[in-house]
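None of the figures in this text is laboratory data; all of them are computed from the coordinates on show. Bear in mind the structure is a predicted one, so any value in this text is a computation, not a measurement. Counting neighbours? That spans all protein chains shown, and the Cβs are built from the backbone with ideal geometry, glycine included.
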Amino acid sequence: MKSEKILITGAGGQLGSVLVKALQNKFGIDNIIASDLYMLKDFDGIFEQLDASDISHLETLVTKYKVTQIYHLAAILSAKGEQNPIHTWNVNLNTWFNVLEISVKHNINKVFFPSSIAVFGDMASKVHTAQDSFLNPSTVYGMSKTAGENWGQYYFLKYGLDVRSLRYPGVIGYQSMPGGGTTDYAVEIYHKAIKNEAFECYLKDDTSLPMIYMDDVIRATLELMDAPKASIKIRTSYNLQGISFTPKDIVNAIKTFYPNFKVTYKPDFRQDIANNWPSSIDDTHARTDWGWKPNYDLHAITKDMLEQLEKKYN
Ligand code: NAD
């Protein structure tokens, strides 16, 4: 296999911190360059402090390490993004423009862009939301991802840049904490259960959302990036489904392990965001084009989350 040098932006986040380890295992620790706004504590491997809004610094790193692939994870997420919409738009789009421009200039082989179920709004059907649904996102984050997907496709069509993308559902993992999304409750709730604390949920108990376990989402990302170029038929972003459930479902799953777990519900502004999102996603194209299949259902997620967090806290 030809050796790759892979740069990851936003590598210190919920996904990046796990994806970097997976890439290090796959390609070798010396071939992975992790970067983020802030230095990471106890980081094992190559790390560079990088604000991806700074195109000349980005270019310096691409040249310095002879980078061949970029995973552009840096972004401001849905709930946090609403606090400062213009700033969110600027960060999410400008960092992406920088990655696209530098990738064309330096003949980068492949670029990964994570999109989100936040691209869908109330004009898409809520159940088994189709790949080609009308996109009218209600958040600035969703608007930035919708535009970002189209910019990725534009660079593919205009310059032949091999941009690949997934519309991630809410990601659940024990390894890291989420960074300000609408689905964060589904991680926080397990931490509360392990600590024997009550949980106050900011979504209503019957709010069904598409979610995915960290193992599955990392595997989906690596499988998409490994797929032969000719099999990638969608150059905006692939729908991706893991498992859909409500807060009530997750509480019931936790109660099979922790029967005394207590939850109260106090919906806040994140309920309005969730109301505009799909409850499940039709990912037929991902399954057909490059063989996607999730492994984890809610019981398997709950069992693994609780086992892993018990080790972490005890
Ligand atoms: P996160 O908020 O945990 O991490 C994002 C990282 O980006 C942070 O470490 C932050 O410091 C960094 N960052 C922000 N602005 C930056 C800049 N200007 N330059 C460099 N770094 C910057 O997010 P995450 O959950 O790890 O998400 C990673 C990607 O996946 C994002 O693009 C996000 O939109 C997407 N995504 C995540 C989820 C999810 O449930 N976690 C769902 C859908 C899509």
Requested in this report: Rank the residues PHE261, PHE134 as a footprinting-exposure proxy: fewest other Cβ atoms within 10 Å of their Cβ go first.
Outcome: PHE134, PHE261
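Over 25 Å apart: what share of the alpha carbon pairs of region 160-300 falls there, rounded to a whole percent?
Numbers: 3137 of 9870 pairs.
Here the tail beyond 25 Å accounts for 32 percent of pairs.
Express in nm, to one decimal, how much length is gained between LEU37 and GLN153 on full extension, taking 0.36 nm for each residue of separation and deducting their alpha carbon distance.
Computed gain between LEU37 and GLN153 is 39.1 nm.
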Query raised in the report: Which values, in whole Å and largest first, are the semi-axes of the equivalent ellipsoid of the chain obtained as the square root of 5 times each eigenvalue of the Cα gyration tensor?
Result: 31, 22, 19
Query raised in the report: Any idea which of LEU166, LEU7, ILE108 is furthest toward the positive side of the dipole for the chain, if Lys and Arg beta-carbons carry +1 and Asp and Glu beta-carbons -1?
Result: ILE108
Requested in this report: Check the straight Cα-Cα distances from LYS233 and name the lysines below 26 Å, setting aside those fewer than 8 residues away within the same chain.
Outcome: LYS2, LYS5, LYS26, LYS105, LYS110, LYS126, LYS145, LYS158, LYS293
Query raised in the report: Taking the Cα centre of region 165-283 as the origin, how large is its charge dipole in debye, to the nearest 20, when only Lys and Arg (+1) and Asp and Glu (-1) carry charge on their Cβ atoms?
Result: 60 debye
Report task. Can you grab the distance from the C-alpha centre of region 1-69 to the C-alpha centre of region 230-281, Å, no decimals? Result -> 29 Å
Query raised in the report: For the chain, what is the calculated [θ] at 222 nm in deg cm²/dmol (nearest 500), taking -39500 (n - 2.57) for each run of four or more DSSP H residues and dividing by its residue count?
Result: -13000 deg cm²/dmol
Query raised in the report: Listing MET123, MET225, MET305 from the residue with the fewest other Cβ atoms within 10 Å to the one with the most, what is the order?
Result: MET123, MET225, MET305
Requested in this report: Take every Cα pair under 8 Å in the chain that's 6+ residues apart, average their separations, divide by the length, and report that relative contact order as a whole percent.
Outcome: 18 percent
Query raised in the report: Got a sec? How would VAL119, VAL104, VAL91 order by Cβ neighbour count within 10 Å, fewest to most?
Result: VAL104, VAL91, VAL119
Query raised in the report: Put +1 on the Cβ of every Lys and Arg and -1 on every Asp and Glu Cβ in region 140-288; which of HIS285, TYR185, VAL217 then has its Cα farthest towards the positive end of the dipole?
Result: HIS285
Report summary line: Candidate cut points under chymotrypsin sites (Phe, Trp or Tyr not before Pro) in region 1-46, DSSP loop plus at most 12 other Cβ atoms within 10 Å of their own Cβ, are TYR38
Query raised in the report: Nearest 20 debye, what's the magnitude of the dipole of region 126-189 about its Cα centre given +1 on Lys and Arg Cβ and -1 on Asp and Glu Cβ?
Result: 160 debye
Query raised in the report: Roughly what angle does helix 298-313 make with the longest principal axis of the chain, taking Cα atoms, 0 to 90 degrees, to the nearest 10?
Result: 80 degrees
Report summary line: For region 194-264, the dipole about the Cα centre with charges only on Cβ (Lys and Arg +1, Asp and Glu -1), to the nearest 20 debye, works out at 160 debye
Report task. Could you sort 139-145, 127-133 so that the peptide with the highest average Cβ count within 10 Å comes first and the rest follow in order? Result -> 139-145, 127-133
Query raised in the report: Once both axes come from the Cα atoms, what is the angle between helix 55-65 and the longest principal axis of the chain, in degrees from 0 to 90, rounded to 10?
Result: 80 degrees
Query raised in the report: Just for the chain, what percent of DSSP beta bridges are antiparallel, to the closest 5?
Result: 10 percent
Requested in this report: Go from 0 up to the bin containing the longest alpha carbon distance in region 59-214, width 10 Å each, and give me the % of pairs per bin.
Outcome: 10, 34, 33, 17, 6, 0
Report task. Taking the chain as the reference, fit the longest principal axis to its C-alpha atoms, fit the long axis of helix 185-194 to the helix C-alpha atoms, and give the angle between the two in degrees, 0 to 90, nearest 10. Result -> 60 degrees
